[in-house]
Amino acid sequence: MKKKQHYTVTGGAGFLGSRLCEKLLELGHEVLCIDNFYTGQKSNIVQMLDSPYFEMMRHDVTFPLYVETDIIYNLACPASPIHYQFDPVQTTKTSVHGAINMLGLAKRVKAKIFQASTSEVYGDPTCHPQTEDYWGNVNPIGLRACYDEGKRCAETLFFDYHRQHGLLIKVARIFNTYGPRMAVNDGRVVSNFIVQALRNEPITIYGEGTQTRSFCYIDDLIEAFIKVMDTDDSFTGPINLGNPREFTIKELAEMVIDMTGSASKLVYKPLPENDPCQRRPDISLAQKELAWTPSTPLEQGLKPTIEYFEKILAQ
Ligand code: NAD
Ligand code: UDP
Ligand code: UDP
């Protein structure tokens with residue numbers, strides 16, 4: 001049995017953060033959830049409010065935070081393109097000022113700190129699959145830059161606090177993850193396609209649907225989050241976390257139609273600016289350092305995700 005520790009999870013009311021909070025409680029820890037509910041939902045955390053070991057604080061990470069804690073997971077940031085592009089200045093502030101404040105907190109209380117970075121640091125990659133030593137191909141003035149460059153700057157801050165102040169850091173580059181608890185209006189492809197299919201509405205494919213993504217089921221990812229924190233203090237990352245099986249967006253649409261038995265038809269819409277053509281993680285480092293490989297194939301993970309949206313849409 002491990003010692004009970006106090007965890008702080010920023011973005012804890014979001015899709016990934018709320019599942020992480022639950023997992024940490026299951027492991028016997030105390031959890032402080034920090035969120036400003038920009039994209040997070042109270043319904044994601046309501047089941048934890050009865051626990052004496054769970055605490056929720058409404059707070060925006062762009063402002064300083066003075067609490068006592070042992071370990072920090074920094075997940076606060078909108079992740080879906082429609083949400084992070086809605087207020088791009090706030091998105092960059094959340095990544096950059098949020099990182100500075102959480103690193104300042106970690107420095108003061110000597111906490112180990114995890115950064116939820118992203119495959120978007122690779123931009124529209126010219127190297128395939130993407131390895132951690134690839135520096136990326138990001139348009140610094142494009143519509144996605146508020147997210148991509150914000151996350152890249154956050155990585156810089158993490159490594160400089162590590163080098164300059166000796167902070168214990170873990171930087172994970174997360175690839176497209178899906179599962180129950182994505183918001184109906186999240187806007188990312190898996191939730192959009194499932195919601196459209198269940199409503200028998202047209203499935204909106206952006207571009208020709210030949211662009212690829214590699215989809216990881218949430219439970220596999222959360223398992224890796226826990227393992228990353230448990231690595232040796234000398235391990236900083238960056239480490240790719242994702243499922244290396246790659247699909248075209250059209251293949252995903254067809255799979256969702258098939259699994260939901262929907263009458264929806266495919267409709268083609270313009271491809272958003274700077275939309276990456278291909279994305280697949282090289283996870284050799286995670287396999288070696290964490291002894292981790294995602295075990296949920298897309299077909300298997302889509303099942304509970306579809307069931308979740310069926311329930312939500314019936315309410
Ligand atoms: P999400 O939008 O569901 O969760 C983000 C959470 O952060 C929300 O609860 C939101 O309210 C909160 N938040 C946003 N700005 C904040 C602020 N200024 N102060 C406090 N809270 C704030 O998205 P998610 O998919 O759960 O993503 C969580 C993290 O993982 C994000 O940092 C995201 O960039 C990263 N990530 C996710 C994926 C993925 O596929 N899900 C991929 C790569 C990286
Ligand atoms: N900070 C915080 N909580 C803390 C300690 C610091 O939010 O417990 C913030 C504080 O606002 C500061 C930032 O983190 O601006 C960076 O802190 P650091 O100590 O690195 O820098 P400094 O205080 O010297 O600017
Ligand atoms: N996409 C799509 N239809 C949608 C939503 C997204 O075709 O309704 C495409 C989008 O253009 C991108 C891919 O699906 O090529 C993944 O998009 P998402 O927003 O989920 O994540 P990201 O682009 O950040 O990987």
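The values are calculated or read from the model by the stated rules, or taken from the named source; none is laboratory data. A quick note: this is a predicted structure, and the numbers were derived from the prediction, not measured. Note that we place each Cβ from the backbone using ideal geometry, even for glycine, and neighbour counts take in every protein chain shown. Note: areas computed on protein heavy atoms with side chains; ligands, DNA, RNA excluded. Shrake-Rupley method; radii C 1.70, N 1.55, O 1.52, S 1.80 Å.
Quick rundown of the values:
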quantity	calculated
Efficiency of FRET from Cβ geometry, Ser234 and Asn274, R₀ 22 Å, rounded to 0.05	0.05
Accessible area, probe 1.4 Å, largest first, for residues Cys153, Cys216	Cys153, Cys216
Calculated FRET efficiency for the pair Ile226/Lys265, C-beta based, R₀ 35 Å, to 0.05	0.25
The chain, relative contact order in percent, only Cα pairs under 8 angstrom and at least six apart counted	17 percent
Pairwise label distance in nanometres, Phe37 with His165, each label 7 Å out on the Cα-Cβ vector	3.1 nm
Heavy-atom accessible area ranking, 1.4 Å probe, most first, across Ser234, Ser214	Ser234, Ser214
Of the DSSP H helices in the chain, those whose Cα atoms cover at least 30 Å axially and whose Kyte score averages 1.0 or more	none
Rough spin-label spacing in nm, given labels placed 7 Å along Cα→Cβ, for Leu313 and Asp87	3.0 nm
The chain: Cα Rg divided by the 2.2 N^0.38 Å rule of thumb	0.96
Sites Arg199 and Thr293 - FRET efficiency at Förster radius 30 Å, r taken between beta-carbons, to 0.05	0.30
Count of lysine pairs in the stretch 175-315 with Cα separation under 18 Å (8 or more residues apart, or interchain)	4
